[in-house]
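Visitor: Next up is a structure, given as structure tokens.
The values are calculated or read from the model by the stated rules, or taken from the named source; none is laboratory data. This structure is a prediction, so every number in the text was calculated from the model and none was measured. In this analysis, Cβ positions are derived from the backbone assuming ideal geometry, glycine residues included, and neighbour counts consider all displayed protein chains.
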């Protein structure tokens, strides 16, 4: 029996979307793949990232889409910077209807070894960043009675990982914040959901241990109490982008405060 083909390219434009989308962490990994998938649907997309060089490179690669792509350099950890960036997006592209919180950093190390700086930057981006951007966008969405927000968290948010306490805790904070926001905004017709990826082929993963990190993710690490991936492969960024687009779209019109895990079964369906 032949195994089904696994698509590894950009997400197909199969989701009905309208309005204007914003993606944080847009310059690389899951954020960049989500940008490509959104652009393919035909809606205007704002690319937000603090890595200016990578941001302009991605914007240049999407140049054929012209005035439907807007690159904005921003530090999501700075609330004033975020408010200015969101105001710029609405002034140039129009009312925001979709937000993807994909910005994230990873500082690994055991809890006893982590420095104050490593802890603080992890929460500043992964948790406070989600708060700053979601708050700024939600304030504009609420009076219009329309919108959807998706936060890219991690299966580490609900599965303890050795040497990942700051990352896991920050992702747990961002996930619960998003669900609380969804409860508060449900009456305004705004949906807020979470996508929780497992190991995904991104620079963040390879920065840990290169190819060895991928092999360990698939096989598991018994000494670190880490299970492998039942599907036998790590995710491609496009797999995560597909899940994000689904939750953003009207196909998920009756789904809010939900956490969709995309990890090949690594957390055993928890």
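Visitor: Does the range 102-117 include one or more residues that are assigned to a strand (DSSP E or B), in contact (Cβ under 8 Å) with a residue 60 or more places away in the chain and within 16 Å of residue 177 (Cβ to Cβ)?
Guide: Checking the range 102-117: not a single residue is assigned to a strand (DSSP E or B), in contact (Cβ under 8 Å) with a residue 60 or more places away in the chain and within 16 Å of residue 177 (Cβ to Cβ).
Visitor: Checking the condition modelled with pLDDT of 80 or more and surrounded by fewer than 15 Cβ atoms within 10 Å (Cβ to Cβ), which residue from 232, 228 passes? First the steps, then the outcome.
Guide: On the way: 228 fails: surrounded by fewer than 15 Cβ atoms within 10 Å (Cβ to Cβ).
Answer to the selection: 232.
Visitor: Report, ordered by the first and then the second residue, all pairs with beta carbons closer than 6 Å, sequence separation of six or more or different chains, a first member in the range 13-31 that is modelled with pLDDT under 95, and a second member that is crowded, with 24+ Cβ neighbours inside 10 Å.
Guide: 15/245
Visitor: Let me ask something else. Take the range 153-166 and flag every residue that is out of contact with any helix residue (DSSP H, G or I) (no Cβ under 6 Å at 6 or more places or on another chain) and either assigned to a helix (DSSP H, G or I) or within 20 Å of residue 258 (Cα to Cα) (or both).
Guide: Hits for the range 153-166 are 155, 158, 159, 165.
Visitor: Which one of the conditions (1) under 28 Å from residue 120 (Cβ atoms); (2) part of a helix (DSSP H, G or I) does residue 214 fail to meet, given that it meets all the rest?
Guide: It fails just one condition, (1).
Visitor: Then there's this: Taking the criterion of being part of a loop (DSSP other than H, G, I, E, B), buried (at least 20 other Cβ atoms within 10 Å of the Cβ) and over 15 Å from the mean Cα position of the chain (by Cα), would at least one residue in the range 70-85 satisfy it? Steps first, please.
Guide: Quick first cut of the range 70-85, residues part of a loop (DSSP other than H, G, I, E, B) only: 74-78.
Filter again for buried (at least 20 other Cβ atoms within 10 Å of the Cβ), leaving 74, 76-77.
Remaining after also requiring over 15 Å from the mean Cα position of the chain (by Cα): 74, 77.
Within the range 70-85 (the criterion being part of a loop (DSSP other than H, G, I, E, B), buried (at least 20 other Cβ atoms within 10 Å of the Cβ) and over 15 Å from the mean Cα position of the chain (by Cα)), the answer is yes, since at least one residue qualifies.
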